[in-house]
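The values are calculated or read from the model by the stated rules, or taken from the named source; none is laboratory data. Since we're looking at a predicted model, the values are computed, not measured. Neighbour counts are summed over all protein chains in view; Cβ atoms, including those assigned to glycine, are modelled from backbone coordinates with ideal geometry. Surface areas here come from the heavy atoms of the whole protein model, side chains and all, with no ligands, DNA or RNA. Shrake-Rupley method; radii C 1.70, N 1.55, O 1.52, S 1.80 Å.
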Amino acid sequence: VDIPMLSQPSWHKALGRILHIACFWIHLCADARTSSGSVKIYAAGSGLDMLSQAATVKEIMEMTPIEKPHLLYLGTATYDGPEPMKKQTQGFSDAGCTIEALNIAVSSPSTAALKAAFERAHIILASGGNTLYARDRWVKLGIDNMIKQAMQNGTVLCGGSAGGILWFDGGHSDSMEASSYKNPPGPLLNPKMTSEEMNAWAYIRVPGISVLPGLFCPHYDVTEGNGLLRSSDFTSLLQRHSGEYGIGVDNWAAIMITGDSYKIISRQGKPGSVDANGSFTANNTLGHPGAWSLEIDPKSGALLRTLVPNSGKISDLMKPARFIVDSNMLKVARSQNPDDGIPPSRSNKSLGFHL
């Protein structure tokens with residue numbers, strides 16, 4: 001019997017596909033990773049805007065079987081400020097959730113106290129704000145592993161902006177924006193900087209806690225204080241980190257993941273980057289909210305952007321990285337906004353958080 005042989009390129013392609021699928025499930029199932037059946041994540045393009053919607057609160061609460069769930073709020077990215085907490089949790093409180101804040105931006109509770117807080121939670125809500133500071137504090141205190149264990153036990157993870165990035169391998173972050181620092185403008189920058197100088201910051205890739213693979217870009221359709229459209233800058237970032245795949249989520253959109261399935265949430269009547277024909281538009285007044293799957297073609301270096309279907313399997317949407325290269329600006333960012341034990345010097349109301 002003649003057995004057809006694959007050509008070398010076809011063999012490499014087939015083997016690559018097998019390894020790709022295997023890596024994805026290893027990413028979700030092995031060790032600290034969670035099995036796909038226990039994944040319950042709501043990652044929104046914005047924290048304040050989306051989480052202020054009664055529809056968002058309802059969608060998140062319906063992800064847990066508990067009628068009146070207990071919500072654990074992690075305000076680390078806004079340095080445990082009361083105002084951001086109120087804005088992002090008020091809707092849940094109004095809907096009957098009990099709210100508990102775990103203040104760890106400066107203080108370090110005992111390991112036993114931390115574990116007990118996560119064991120009580122049915123929903124974990126991560127605030128928007130300074131992603132890098134929050135992620136570093138979580139890792140320092142071992143909270144990243146506690147979050148993964150909580151999700152294995154059925155806890156829902158949710159949040160927008162930084163609170164979306166944190167669940168992924170990393171994301172497109174404004175963590176170098178001086179006005180988002182714990183004590184702006186930080187110990188290294190000129191304290192007499194003008195507002196124009198304060199807005200002369202750049203987006204960087206920051207790491208998350210790697211519950212999900214890929215790079216997450218929130219506010220994908222929005223132009224921030226530095227004058228850069230996030231979708232355009234995310235393309236540049238992906239070209240610098242071309243081993244990773246990206247997910248761009250508009251300000252008024254979200255990805256809701258339950259088990260091995262996902263659903264795209266799009267708020268009707270709100271602006272976005274999806275035009276009437278399902279194509280990308282840089283003018284969000286001409287479109288509606290949506291999400292995009294993005295990667296850089298390894299041969300041409302060109303951006304490949306595909307509209308994410310309204311629903312599907314996460315294994316079709318989220319791909320493990322071919323390779324990961326950390327940003328060379330992380331050391332600078334950390335030195336400008338250090339975890340030095342000093343409390344915030346002024347009210348969070350005056351800080352430049354993009355929630």
Checklist outcome for this item: With every protein chain in place, the accessible area of ILE165 for a 1.4 Å probe, in Å² rounded to the nearest 10, comes to 0 Å²
Item to check | Distance between modelled label sites at ASN328 and GLN268, nm, 7 Å Cα→Cβ extension | outcome: 5.0 nm
Checklist entry - Of the accessible area of the chain, with the probe set at 1.4 angstrom, what percent is carbon plus sulfur? => result 54 percent
Item to check | Kirkwood hydrodynamic radius of the stretch 217-355, from inverse mean 1/r over distinct Cα pairs, in Å | outcome: 16.9 Å
Item to check | Gain upon complete extension [LYS313, ASN190; 0.36 nm per residue less C-alpha separation] | outcome: 39.4 nm
Checklist entry - Rounded to the nearest whole Å², what accessible area per residue is found for the chain with the 1.4 Å probe? => result 43 Å²
Next on the checklist: Report, in listed order, any pair from LYS86/LYS140; LYS140/LYS331; LYS115/LYS140; LYS87/LYS148; LYS58/LYS87 with a Cα-Cα distance greater than 19 Å.
Outcome noted: LYS86/LYS140; LYS87/LYS148
Checklist entry - In the stretch 143-211, what trypsin sites (Lys or Arg not before Pro) fall in a loop by DSSP, with at most 14 other Cβ atoms inside 10 Å? => result LYS192
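Please give the charge dipole size of the stretch 95-221, origin at the Cα centre, charges +1 on K and R Cβ atoms and -1 on D and E Cβ atoms. Round to the nearest 20 debye. Don't skip to the answer; put the middle values down first.
On the way: 9 positive and 10 negative charges, 85 e Å.
Approximately 400 debye in magnitude.
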Checklist outcome for this item: Quarter of the surface of the C-alpha convex hull for the chain, i.e. direction-averaged projected area in nm², equals 20.0 nm²
